[in-house]
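What follows is calculated from the coordinates using simple rules that are stated; it is not laboratory data. Just so it is clear, the model here is predicted, and its values are computed rather than measured. Using ideal geometry, Cβ is built from the backbone for each residue, glycine included, and neighbour counts are taken over all protein chains shown.
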Amino acid sequence: MSKVIFDSGISLDGYMAGDNRGPKNPIGDGGVSIHKWMFNQKAFVEMSGKKKGGEEGPDNKLLEATLARTGAYIMGKRMFDEGEQHWAEDLYKADVYVLTHEKREPWVQKGTTTFHFINDGIESALEKAKQSAKGKDIRLQGGANIIQQFLNAGLVDEFSIHIAPVILGSGIRLFDNIKKDKFDIAISDAIPSALTSHLFYKLTNNEIPDSLRRGSFLTYICI
């Protein structure tokens, strides 16, 4: 059965992206420093298509497991615009549903990645992603606004955050604008690492629409 988790790197002061975000400055000022733990992992190196090699320790096993369980992705237009010119061909190796007001035909890449552009809201994107995932999990890739919409709709089952020892001071916070009484949160695991702290949570809520209650959902942000 599918789940929705999200998996996000954040700074010690709670920001997932810095100021001045844009296609020429993805993740904003200082934002790249949040994800240093990930860049040398074998799973990330191979996913990015740049070269072979990379570390194969506990951080890599965590990343491998997250990628293996993901069957489809959902992201916002802003994240897509920032990444489109930088991402390797067939980076995601799955269907990606981009929430946007722009009408655009699917972008079919070489390999198994296809970007679909969804104009009618998060529920529509989720239903389509569930069909693509074929029992694997749905990963909300970001940005913060998309994750917040899914949290506030009660549609997230699990999430993990990777807290980097970095202070950004300003930018975009992951947990702004959250309806705090929408769900209960329990810690499921915590794993220390040299460059980050991996924290895992499960959510319990009673407000999932009946039409969606038959499948649960996984969301992940990292790249």
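Below, the figures for the structure above:
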| item | result |
| --- | --- |
| Cα-centre dipole for the chain with unit charges at Cβ (Lys and Arg positive, Asp and Glu negative), debye to 20 | 360 debye |
| Above-threshold pairs, the threshold being 31 Å between Cα atoms, out of LYS24/LYS52; LYS24/LYS93; LYS61/LYS179; LYS110/LYS180; LYS36/LYS103 | LYS61/LYS179; LYS110/LYS180; LYS36/LYS103 |
| Within-13-Å neighbourhood charge of ALA194 [Cβ basis; K, R +1; D, E -1] | -1 |
| Centre separation in Å (Cα based) which lies between region 80-152 and region 1-68 | 17 Å |
| Cα-centred dipole magnitude for region 21-63, charges only on beta-carbon of K, R (+1) and D, E (-1), debye, nearest 20 | 180 debye |
| Gaussian network model of the chain, springs between alpha carbon atoms under 10 Å - residue of ALA153, ALA190, ALA68 with greatest fluctuation | ALA68 |
| FRET efficiency for ILE185 and ALA88, using Cβ-Cβ distance with R0 set to 41 Å, rounded to 0.05 | 0.75 |
| For VAL108, VAL4, VAL166, order by how many other beta-carbon atoms lie within 10 Å, fewest first | VAL108, VAL166, VAL4 |
| Amide H contacts under 5 Å for ILE118, placed H, 5+ residues apart | VAL98, LEU99, THR100 |
| TYR201, TYR73 arranged by Cβ crowding within 10 Å, fewest neighbours leading | TYR201, TYR73 |
| Exposure proxy order (Cβ contacts within 10 Å, fewest to most) of ILE138, ILE118, ILE147 | ILE118, ILE147, ILE138 |
| Average projection area in nm² (convex hull over Cα atoms of region 4-212, one quarter of hull surface) | 11.6 nm² |
| Two-site FRET efficiency, HIS101 against GLU127, from Cβ-Cβ distance with R₀ of 22 Å, rounded to 0.05 | 0.70 |
